[in-house]
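Only the coordinates and a few stated rules stand behind these numbers; no lab work does. These numbers come from a predicted model, not from an experiment. We place every Cβ from the backbone using ideal geometry, glycine too, and count neighbours over all the protein chains shown.
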Amino acid sequence: MATLDVFRATVGAAALGFARHGLDLLLQQADARVIAGAALFESGMTQAAIAESATEVEAAALLVYRAAWLKDRSTPRVSREASMAKLYATEAAGRIADRCAQLHGGRGVVRGHPAEVLTREVRALRVYEGASEIQRIVIARAERARQQQGAA
């Protein structure tokens, strides 16, 4: 299980990189695509998608960095933190990839298009080193154990 702690955090880090790439693609498309004489960026819905994506990237980064920092400090077990990092980063990357495909319109689902490639790459990360559902179980059990230790 201690080995999974390391690998889960690294999968979270990979997802963070993909999420950042997705945010870059969102921003590029929002500036480049013009609809009704205005850049797509001018739409409030587009700005909301970018804001949500940027916030998710930052939150994922903090979780991934914390799990890595704890492991670097030789904390014996970081299962809770590594699972949180993996779960949040991979799920956020999936949401960002979905927004990216949506913002690119029909081209975003054409095989080989950067938005489509991102979606395929990110999907696998939600399964590696334990699917998201498994991460939720690990986190919930760790929270219960923390609560019980605090009550003792």
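Things to note:
- Relative contact order (percent, whole number), the chain, Cα cutoff 8 Å, 6+ residue spacing: 32
- Taking a Cβ cut-off of under 12 Å around Ala67, the surrounding Lys, Arg, Asp and Glu residues balance to a net charge of +4, with basic ones at +1 and acidic ones at -1.
- Inter-part distance where the range 75-113 and the range 1-69 are each reduced to a Cα centre, Å: 8
- The Gln47 and Arg95 beta-carbon pair, evaluated with R₀ = 25 Å, returns a calculated FRET efficiency of approximately 0.95.
- Helix 44-72 vs. the chain, principal-axis angle (Cα, 0 to 90°, nearest 10): 30
- Fraction of the pair-distance distribution of the range 55-148 above 15 Å, Cα-Cα pairs, percent: 65
- Translational D in µm²/s for the range 101-147 (Stokes-Einstein at 37 °C, 0.692 mPa s, Kirkwood Rh from C-alpha pairs): 258
- Contour minus Cα-Cα distance for Arg141 and Ala124 (0.36 nm per residue): 3.7 nm
- Length gained on full extension, Arg73 to Ala32, computed as 0.36 nm times the residue gap minus the Cα-Cα distance: 10.3 nm.
- Remark: the Gln148-Ala54 segment gains 30.3 nm on full extension, using 0.36 nm per residue and subtracting the alpha carbon distance.
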